[in-house]
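The values are calculated or read from the model by the stated rules, or taken from the named source; none is laboratory data. Keep in mind that this is a model prediction, so the values were computed, not measured. As a convention, Cβ positions derive from the backbone with ideal geometry for all residues, glycine included, and neighbour counts pool all protein chains shown. Calculation scope for accessible area: heavy atoms of the full protein, side chains included, ligands and nucleic acids excluded. Shrake-Rupley method; radii C 1.70, N 1.55, O 1.52, S 1.80 Å.
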Amino acid sequence: MSVSIIADITTNALCPSKSTCSQAIYINGLQQMVVGICKMVVIPVLGQLADEYGRKPLLLLIVSTAIFPSAILAIDESKGFVYAYYVLRMISHIMSQGSIFCISAAYAADILDGRSRAAAFGWMHGILSISHVLGNFLARLLPGTYIFEVSVALLLIAPMYMIIFLTETVKLTPNLNQHLRWSSKAYKLVQDRYSSMRYALHVVTSSSTLKCICLVSFFYDMGMSGISSVLMYYLKSAFDFNKNQFSEILMMVGVGSIITQMLVFPLVNPLVGERVVLRIALLASITYALLYGLAWASWVPYFGALFRMVYILERPSTNAIVSKASSSSDQGKTQGLVAGAEAIGSFLAPLVMSPLTSWFLSSNAPFNCKGFSLICAAFALAMAFYFAWILPEAPSTQEENGESVEAPLLA
């Protein structure tokens, strides 16, 4: 709900009565850069913890962090509260951005066989798109002053639902370290995390499929994170878009994404496979970036949004490829490391996109192309497409035939 209005709130608070706000672009880019740095470590660790201590407690923790940023702006939208919002949103994104679906995908893999996972991932992303549509529909109808109050109420439902209905799928082992001194426990915790991280890196680097999909995810997230960090400020400056236009585009994309993820992906994937779907999605993302970067009229962003309905399939196809190439005991670790590769890309993107966008939106631009930074992002997406093109077929794992080789590493 808050996505479509945050550009207006930030611009009004930091640059009153202006349509272009370099300060807003930079603070958004700084937040994304810090989040990217921290996610490189946090997401793989959360994936490991979910494998060892259970999916439910980790999901409860990371979902709950999303409540506080909206609560701040529900109180006040002045400059100080906007700064506080970005600090809290940064903490929330470090914990939750990428890790929610990473652990949810591992949860789904716990209860489904390999043949059903791709369709399940498509449905999970489709349900996410339904929530986007409903959120943007509410944002379109509600006055701006009520959006964050309603958002907080809806965010509280998620942890309450999980507490009541979500069942744990990981069988927890007894804690053998409970009688150790606190210093010994701390040392053992660090040692276990190091060993688990080393094992996760071994799993990924020993698989040509997982190595290649990490590169795909890195370049894809570099391109798309760069675009998403500046897109609304670019559209606001170039075409004077506000929350109504943003909501319309997001609702249109959401409706199309529901169809592609819940109906098209489960039907097409068994026929052509995840790799072909991934390549089609990446081609659509390149077209999307070029259309937005070269947009010459206010209707072009609406047309370009049609390609967003296709490139959204990158996520379920990537999740399916990673899941197929991983054993059941390593789902959280591998999904977490791939998400960590995405985090590296999202950290690097603002370093280029924020100053480049601010420069080309200003009166000092070297030539008239306000969307030049988005065109540059298309090159990163083209690199993702190259690695997707050479992506080898994921071998079927034999996870049921023995214990994980991680056991001796953690002994």
Descending packing, highest mean Cβ count within 10 Å first, for 211-221, 133-143 is 211-221, 133-143
Packing rank of 277-284, 359-366, 375-382, 101-108, where each peptide gets the mean count of other beta carbons within 10 Å, highest leading: 101-108, 277-284, 375-382, 359-366
Specify the angular offset, from 0 to 90 degrees and rounded to the nearest 10, of the alpha carbon long axis of helix 3-14 from the longest principal axis of the alpha carbons in the chain. 60 degrees
If you roll a 1.4 Å probe over the heavy atoms of the protein chains, what accessible area per residue do you get for the chain, in Å²? 45 Å²
Is the C-alpha gyration tensor of the chain telling us rounded, prolate or oblate? Criteria: a/c under 1.5 is rounded; beyond that, a/b larger than b/c is prolate, otherwise oblate. prolate
Singleton cysteines, the chain, no second Cys beta-carbon under 4.7 Å -> C38, C102, C212, C214, C369, C376
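Using a 1.4 angstrom probe on heavy atoms only, work out the carbon and sulfur share of the accessible area of the chain in %.
After summing per-atom areas, the C and S share lands at 69 percent.
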Can you give the angle from 0 to 90° between the axis of helix 208-239 and the longest principal axis of the chain, with both taken from C-alpha atoms, to the nearest 10? 20 degrees
What shape does region 33-76 take by its C-alpha gyration tensor, where a ≥ b ≥ c are the square roots of the eigenvalues and a/c under 1.5 counts as rounded, a/b above b/c as prolate, and the rest as oblate? oblate
Taking the mean number of other Cβ atoms within 10 Å as a proxy for protection, how do you rank 88-98, 161-171, 67-77 from highest to lowest? 88-98, 67-77, 161-171
